[in-house]
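Below is one structure, written out as structure tokens, with a few remarks after it.
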Amino acid sequence: MSLACSASNERAEGVVVALVRRRSPAAVAGLSAGDRILAINGTPLRDAIDFQFYAADDRLRLTVERDARARRVYVTREGGDLGLELVAPQPRDIATCANKCVFCFIHQNPGGLRKSLYVKDDDFRLSFLHGNYITLSDLDDAALQRIEAQRLSPLYVSVHATDPSLRHALLGRPRHGAEILPRMERLARAGIRMHAQVVLCPDWNDGAHLERTIVDLQRLYPHVTTTAIVPVGLTRHRERLPQLRLLTADEARALVATVERWQREFLAALGSRFVFAADEVYLQAEAPLPAADAYEGFAVAEDGIGLVRRFEDELERALPRVPPARAPRTVTVVTGALYGPRLARWLAPLASRGVVAQVVPIANEFFGRTITVAGLLTGQDVQRHLAGLDRLGEEVLVPAVAVRDGDGVFLDDVAPTDLARDLGVSIRVVEPTARALLRALVG
């Protein structure tokens with residue numbers, strides 16, 4: 001969806017239609033891709049949030065610009081949505097982050113990537129629409145009033161620490177040092193739900209600092225609904241950046257124990273576990289994953305909280321129902337270094353059904369071997385690793401999370417078709433679900 005204007009310059013420029021589904025209310029009304037919707041029922045639109053807010057009525061009078069001429073279009077909703085999608089935001093439309101967080105992944109990117117990979121968004125509209133985390137540090141009073149008036153909930157908030165001086169240091173000592181708790185308390189009073197995040201940096205915001213942060217945030221429950229603890233990610237491109245280190249395996253095990261203690265306490269006191277550790281922490285600690293119900297609906301799964309549990313539960317249910325392959329086949333499965341050994345164990349039983357799943361964990365040379373997740377794999381690393389193998393089988397399966405959005409390319413702009421050409425084997429991009437993976441394996 002287009003935001004149409006930056007959060008700090010909210011002119012009523014309208015929103016642009018990307019597509020209209022056939023036989024939908026929007027199609028019946030005559031809307032087309034490329035139309036700019038300027039107003040709904042006489043109210044000018046600043047962005048996609050205004051569109052959602054004012055398009056909630058059943059009968060709509062749209063002011064639409066087409067071919068540089070304004071016209072009126074009347075839409076009658078018949079249950080469900082209007083049947084249209086809006087143009088995705090461009091970098092110029094997004095409110096960018098003025099902080100210089102010591103752990104910011106954008107600052108750890110190498111040079112030479114496409115411009116969109118260097119955009120640091122800190123836009124409350126993207127937080128509401130897409131679950132992007134924001135710091136709240138740059139919001140002026142007008143933005144806070146709008147969040148309250150339009151009930152933009154839930155929001156996803158990068159907290160990291162509630163101690164004001166520590167948080168100011170973690171954010172890179174920005175010019176605007178607004179404290180986080182007063183802003184979150186204001187939003188809580190307005191009934192706005194928030195999901196908090198702590199990027200854990202050993203020797204910075206762990207230990208007693210983390211304890212203080214969790215205690216402060218749980219006082220705002222249920223308005224602060226969850227707090228996710230995710231380990232810092234460090235690339236090899238940290239020249240002239242603050243000194244940081246990764247969580248050790250022993251520290252990961254201690255963190256799991258601490259989170260489990262907090263969860264028991266909060267479940268008794270609040271009726272919710274409230275605080276959740278990222279899957280990466282459990283994998284690094286080689287600790288058992290919590291059961292599915294311990295994730296309380298997987299509210300922050302997109303932050304890496306419970307994705308592995310959800311995936312493996314689906315695998316466990318689906319594996320017994322996998323039919324034998326029509327003909328014996330070998331398939332190479334690309335994944336990140338952290339999850340590779342675990343995935344190989346899960347897929348090994350398929351050999352009895354005629355499918356050899358050759359799981360290949362890819363070492364990340366592009367960002368550095370400390371980056372072990374599948375979503376940050378590059379095409380050149382995949383190509384380099386697979387080129388050294390004796391046999392790739394009939395097909396190579398690549399996780400869709402490594403192929404960016406609608407661009408259809410890896411982070412380094414290598415396309416799956418480039419891999420297929422260089423490796424001489426079919427490449428299939430597979431959605432990150434157990435069902436999609438098993439379907440692709442069986443062929």
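Every number here is computed from the coordinates shown, using simple stated rules; none is lab data. Everything quoted here is computed from the prediction, not taken from an experiment. Here Cβ is always computed from backbone atoms with ideal geometry, including for glycine, and neighbour counts include all displayed protein chains.
222 nm [θ] for the chain, helices only, -39500 (n - 2.57) per DSSP H run of 4+, per residue, to 500?
Calculated mean residue ellipticity at 222 nm is -8500 deg cm²/dmol.
Quick one: grab the alpha carbon gyration tensor of the range 206-248, order the square roots of its eigenvalues as a ≥ b ≥ c, and give me rounded if a/c is under 1.5, else prolate or oblate depending on whether a/b is larger than b/c.
Details: a/c = 3.17, a/b = 2.47, b/c = 1.28.
Prolate.
How much length is gained if the chain between Ala387 and Thr370 is pulled fully straight, taking 0.36 nm per residue apart and subtracting their Cα-Cα distance, in nm to one decimal?
3.9 nm
Taking the Cα-to-Cβ direction at Ala178 and at Asp67 and moving 7 Å from each Cα, how far apart do the two end points lie in nm?
4.5 nm
If you build a Gaussian network model of the chain, linking Cα atoms that sit under 10 Å apart, which residue out of Leu376, Leu267, Leu247 swings the most?
Among Leu376, Leu267, Leu247, the largest GNM mean-square fluctuation belongs to Leu267.
For Arg421 and Lys120, calculate 0.36 nm times their separation in residues minus their Cα-Cα distance, and state this gained length in nm to one decimal.
105.0 nm
Rg (Å, one decimal) plus Dmax (Å, integer) for the alpha carbons of the range 54-125?
Gyration radius and largest Cα-Cα distance of the range 54-125: 19.2, 51 Å.
Take the alpha carbon gyration tensor of the chain, find the square roots of its eigenvalues, order them as a ≥ b ≥ c, and report rounded if a/c is under 1.5; if not, report prolate when a/b exceeds b/c, else oblate.
oblate
Could you please rank Glu260, Glu316, placing first whichever residue has the fewest other Cβ atoms within 10 Å of its Cβ?
Neighbour counts put them in this order, fewest first: Glu316, Glu260.
Of Arg22, Arg72, Arg238, which is the most mobile in a GNM of the chain whose springs link Cα atoms less than 10 angstrom apart?
Arg22
How long is the gain from Thr330 to Asp293 if the chain were fully straight, where each residue apart is worth 0.36 nm and the alpha carbon distance is subtracted?
9.8 nm
Please get the size of the charge dipole for the range 152-244, origin at its Cα centre, with Cβ charges of +1 on Lys and Arg and -1 on Asp and Glu, quoted in debye to the nearest 20.
In total the dipole reaches around 340 debye.
Average the reciprocal distances over every distinct pair of alpha-carbons in the range 245-333, invert the result, and give the Kirkwood radius in Å. Don't skip to the end; give the middle numbers.
Values: mean 1/r = 0.0663 Å⁻¹.
Taking the inverse mean of 1/r over all distinct Cα pairs, the range 245-333 comes out at 15.1 Å.
Please find the FRET efficiency linking Arg428 to Gln243, where r is the Cβ-Cβ separation and R0 is fixed at 45 Å, and quote it to the nearest 0.05.
According to the calculation, E is roughly 0.60.
Under the classification rounded if a/c is under 1.5, otherwise prolate if a/b is larger than b/c and oblate if not, where does the range 94-305 fall, given a ≥ b ≥ c as square roots of the Cα gyration tensor eigenvalues?
Oblate.
Please order Arg353, Arg369 by the number of other Cβ within 10 Å, starting at the fewest. Write down the numbers at each step before the final one.
Values: Arg353 14, Arg369 11.
Neighbour counts put them in this order, fewest first: Arg369, Arg353.
Could you give the Stokes-Einstein D for the range 1-153 in µm² per second, using the C-alpha Kirkwood radius, 20 °C, 1.002 mPa s?
In µm²/s, the coefficient is 128.
Which residue fluctuates the most in the chain, going by a Gaussian network model with Cα springs under 10 Å, if the choices are Gly79, Gly271, Gly30?
In this elastic network of the chain, the residue with the biggest mean-square fluctuation among Gly79, Gly271, Gly30 is Gly79.
What is the set of long-range amide H partners of Thr335 at a cut-off below 5 Å, with H atoms built 1.01 Å from backbone N?
Val360, Ile362
Compute the Rg to Rh ratio over the range 300-443 from the alpha carbon atoms, using the Kirkwood formula for Rh, and round to two decimal places.
On the Cα set of the range 300-443, Rg over Rh gives 0.94.
Suppose R0 equals 30 Å; then what is the FRET efficiency for Arg186 and His130 from their Cβ-Cβ distance, rounded to the nearest 0.05?
Details: r = 23 Å, r/R0 = 0.77.
With R0 = 30 Å, the Cβ-Cβ based efficiency is 0.85.
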